[in-house]
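The values are calculated or read from the model by the stated rules, or taken from the named source; none is laboratory data. This is a predicted model, so every value here is computed, not measured. Cβ placement follows ideal geometry from the backbone for every residue including glycine, while neighbour counts extend to all protein chains displayed. Surface areas here come from the heavy atoms of the whole protein model, side chains and all, with no ligands, DNA or RNA. Shrake-Rupley method; radii C 1.70, N 1.55, O 1.52, S 1.80 Å.
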Amino acid sequence: MAGFTPPTPRSRRLGRELRRLREARSLTQGDAAKLLKCSQQRIARIESGDIKPRPRDVLEILVVYGVPHDEEHGLALRNMAEQVREQGWWQRLNTLPARYATFIAYEAEAVELREFQPTLIPGLIQTRAYAESVIRIGRETDQEEIAQRVEARLKRQEVLTARQPPLRLHAIITEQSLMLEVSDADVRREQLDHLIKVSALPNVTVQVLTLAAGAHLAVHGGFDVLTFADGDPPLGYIETLAGELFLESPEEIRRLTGVFDHLLSLTLSPRESTRLIKEKKDGLG
């Protein structure tokens, strides 16, 4: 069975460029579909990035649109088509939900991630033991799924250290998350020590929202805002008990960004946050 291939910023970028070429020739999606002998739905899905066209598909589109395929612009689009079809590591894991795989695909291309987590330490800065303890909750009997989810979480963390340039992470966590036991004191101590170390990375900022801050605009749950290069629009992501939600409209992104800025006004500074994390770790003995 073919692996899940979610849209990515790169595939959406290719789709937008192909749409621009179509519109420059005053062709509707229906017109293009007739010329290319395919369905209008396929044209729409290519332009939205949901379908990743093969290089020869892009070549055919360029010919129909009258764009020289052997000059710089045409060659660049054909090269982009090769790149968007490269398989991501997450596609080789058969237990990942489709929407989680989609999030990983976007995260792999993001330049910045702003995240608020009200209960747990964010996945990108979890230790193996902490991640496994969290993932086991509700999945006690499915050992393959547990193992793959743990490995996926650790693999995701490479965007902070192995990728060039690395992802910029700005995480707001709560004092409750520093106190929550997901397994035992040793796991929590190791996790808090890891938080102190990862906070020292130049591309990582961790700030703590204390209990004393009181109620706030995000009391109902956490969220992520991903930012991309090359003018690609930002993306919001929210996990709920009913599933994951992707938010793309400018109004939704403005609201999430506004809430994040509100939370920042209530948090400790990065230095004060590190001091509090160390105090919590030292309190464990």
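Beta carbons closer than 8 Å, at least 6 apart along the sequence or on distinct chains, pair a first residue in the range 154-165 that is modelled with pLDDT of 95 or more with a second that is open to solvent by 80 Å² or more (accessible area, probe 1.4 Å) for LEU154/ARG128.
Number of residues in the range 256-275 that are surrounded by fewer than 16 Cβ atoms within 10 Å (Cβ to Cβ) and either closer than 19 Å to LEU180 by Cα or among the charged types (D, E, K, R) (or both) equals 4.
Restricting attention to the range 176-192, report how many residues are free of Cβ contacts under 8 Å to residues at least 60 places away in the same chain, assigned to a loop (DSSP other than H, G, I, E, B) and closer than 22 Å to THR274 by Cα. I'd like the intermediate steps shown before the answer.
Within the range 176-192, the subset free of Cβ contacts under 8 Å to residues at least 60 places away in the same chain is 176, 181, 183-184, 186.
From what is left, the residues that are assigned to a loop (DSSP other than H, G, I, E, B) are 181, 183-184.
Remaining after also requiring closer than 22 Å to THR274 by Cα: 181, 184.
Number satisfying all stated conditions: 2.
Among the numbered conditions (1) open to solvent by 50 Å² or more (accessible area, probe 1.4 Å); (2) closer than 30 Å to GLN157 by Cα; (3) at pLDDT 90 or above; (4) not hydroxyl-bearing (Ser, Thr, Tyr), tell me where GLY15 comes up short. Going through (1) open to solvent by 50 Å² or more (accessible area, probe 1.4 Å); (2) closer than 30 Å to GLN157 by Cα; (3) at pLDDT 90 or above; (4) not hydroxyl-bearing (Ser, Thr, Tyr) one by one, GLY15 breaks only (1).
Just for the range 32-56: of the residues that are assigned to a helix (DSSP H, G or I) and open to solvent by 60 Å² or more (accessible area, probe 1.4 Å), which one is nearest to ASP232 (Cα to Cα)? Spell out how you get there, then give the answer.
Taking the range 32-56 first, the residues assigned to a helix (DSSP H, G or I) are 32-36, 40-48, 55-56.
Next cut, open to solvent by 60 Å² or more (accessible area, probe 1.4 Å) only: 34-35, 40-42, 45, 56.
On the way: LYS34: 30, LEU35: 29, GLN40: 24, GLN41: 23, ARG42: 22, ARG45: 17, ARG56: 25 Å.
If we take residues in the range 32-56 being assigned to a helix (DSSP H, G or I) and open to solvent by 60 Å² or more (accessible area, probe 1.4 Å), then ARG45 is nearest to ASP232 (Cα to Cα).
Of all residues in the range 155-175, those being part of a helix (DSSP H, G or I) and either surrounded by fewer than 14 Cβ atoms within 10 Å (Cβ to Cβ) or in contact with a Lys or Arg (Cβ under 7 Å, 6 or more places away or on another chain) (or both) number 1.
Residues of the range 210-255 that are within 20 Å of PRO9 (Cα to Cα), of a type in the set (Asp, Glu) and either open to solvent by 40 Å² or more (accessible area, probe 1.4 Å) or modelled with pLDDT under 90 (or both): ASP230, ASP232, GLU244, GLU248, GLU251, GLU252. Considering only residues in the range 193-209 that are of a type in the set (A, V, I, L, M, F, W, C) and assigned to a helix (DSSP H, G or I), the one that is surrounded by the fewest Cβ atoms within 10 Å (Cβ to Cβ) turns out to be ILE196.
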